[in-house]
1. If amide H atoms are built 1.01 Å from N in the plane of the peptide, which residues on other chains or at least 5 residues away come under 5 Å of the amide H of Phe48?
2. Could you check the spin-label model distance between Lys186 and Glu341? Points 7 Å from the Cα along Cα→Cβ, value in nm.
3. Return the long-range amide H neighbours of Val243 (sequence gap of 5 or more, or a different chain), with a cut-off of under 5 Å between placed amide H atoms.
4. Tell me, what ³J(HN,Hα) does each residue in the range 120-127 have, in order and in whole Hz, if you take phi through Karplus 6.51 cos²θ - 1.76 cosθ + 1.60 with θ = phi - 60° and put x for Gly and Pro?
5. Using +1 on the beta carbon of Lys and Arg, -1 on that of Asp and Glu, and nothing else charged, what's the dipole of the range 189-394 about the Cα centre, debye to 20?
6. Please sort 104-112, 384-392 by packing, taking for each peptide the average over its residues of neighbouring beta carbons within 10 angstrom, highest first.
7. Over the chain, what is the relative contact order in whole percent, taking alpha-carbon pairs under 8 Å and six or more residues apart?
8. Provide the percentage of antiparallel DSSP beta bridges, counting only those with both residues in the chain; round to the nearest 5.
Amino acid sequence: MVAWINQVQIVAPAKKAAPHPSDYPSSGSCKTYENMTLHPYMWTNARFVGGFSEASVPLEARIPAVQDFRDEPLKDASASRARMKGRYLFAGPVWNHFGHILTDSLHRLWPVLDQPEAYDGIIFLQVPNLRPPKDGVAKIPQLALDMMKLMRIPDGIPKLYVTEPTRVDQLDIPVIGSSRHFGVRKFYRPYLERYQENISRSVKTLMEKAPRKLFYSRSHSLRDGGVLGISYFEEQMRSRGFVSCVPEEMSLKLQLSYVLAAEEIVFEEGSAIHITDILSSFPGRAHMLRRRSSSEGFSTTLMPRAGHFTDLVAPGNVRYLPDRNGNMSPASLTLYANPEEVANSLRQQDLPIGDFDEGLYNKIERRDLGRCPSHSEQAKKKRLSQLQSHQGARSGLI
């Protein structure tokens, strides 16, 4: 913008370009900032809104995706109500979700391994509208604390939870070492190796007894989304030596011992496989049964870690049914337009599946749907009608 005042040219300063995820540091930097005010996040329109004010947010504190950031700083930030004296490490948001704790909440802790004595505490930020605790008490999820213990993050460093605007005297903000959007940063690999060494020592005895062939499915939790018919593959492979895993019924140590000892892991896309996110590598071959047409985040995180990774389902083979409310959402159900193609993919990887039985598969699909709660009779009928239509098309009847 140019203006003339008494024939003197006034040029307004150019507006600073908004940062892009490609600007996010890839090196292992950890910068110290003074007198920073932190704010809880709110999950709004698929973004973490909060953390910092728009005027003060450091680039290192952002949460990068591929084309945009997953966080949005506050335009109108409240004044601080509390103060923390000393030097602290910023760890980002945490909330009570197994997969997201492992993928989003632990990959800024690496500076603690280098200088644990430097910090008066590790700061996590609350996300109050994401899975609030049933007892109503705001606290760091126990899963995150248990995981840090296995990683050997020192017990003596307090883990703090910001639930209101808080000014921090000195705040170290490290870059994120790993993400399902960009994979594992080169600088971060030695830290993952140290975490894995610590974890392996803790689960060594369990690994000796762990099964070598694992199948992870969401057949036990279809109310939150999953693949109808996945039980067919699960039952076929279980009868041929695979062990079905339900992470909710397993301790963290047991889960980690299983993936560290496994030779073959077949998994339905979901949070269960995120247990590998805190590892540098695992020897087994990982095979994904996708439930979304876009599942690149899983390949991005698994390919640098697994002995071998295969995506068994073509994106075009995925179809969706409404969720329990009759809407399309992350909790929508999935089915495969051509399940025999999936069976062929398993066979090509030398995985034991036997001859495909379409009649049995269709029966199990209907059984799986019957196990899914619907919040209305209308939603129930809508899902059944769509499943019948897909099965008819598959059989060449429609």
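1. Under 5 Å from the amide H of Phe48 lie the amide H atoms of Asp71, Glu72, each far enough along the sequence or on another chain.
2. Between Lys186 and Glu341, the label points sit 3.8 nm apart.
3. Residues meeting the criterion, in which the H sits 1.01 Å from N, are Lys213, Leu214, Phe215.
4. Using θ = phi - 60°, the values come out as 8, x, 10, 9, 10, 10, 5, 10 Hz.
5. Numbers: 29 positive and 25 negative charges, 84 e Å.
The calculated dipole for the range 189-394 is roughly 400 debye.
6. Working: 104-112: 22.6, 384-392: 15.9.
Output ranking for 104-112, 384-392: 104-112, 384-392.
7. Details: 749 pairs, mean separation 57.8, N = 398.
Answer for the chain is 15 percent.
8. Values: 24 of 62 bridges.
Bridges in the chain are about 40 percent antiparallel.
Every read-out reported here was derived from the displayed coordinates using simple, explicitly stated rules and does not represent laboratory data. From a predicted model like this one, the values you see are computed outputs, not experimental measurements. Cβ coordinates were reconstructed from backbone atoms using ideal geometry, including for glycine residues, and neighbour counts include every protein chain displayed.
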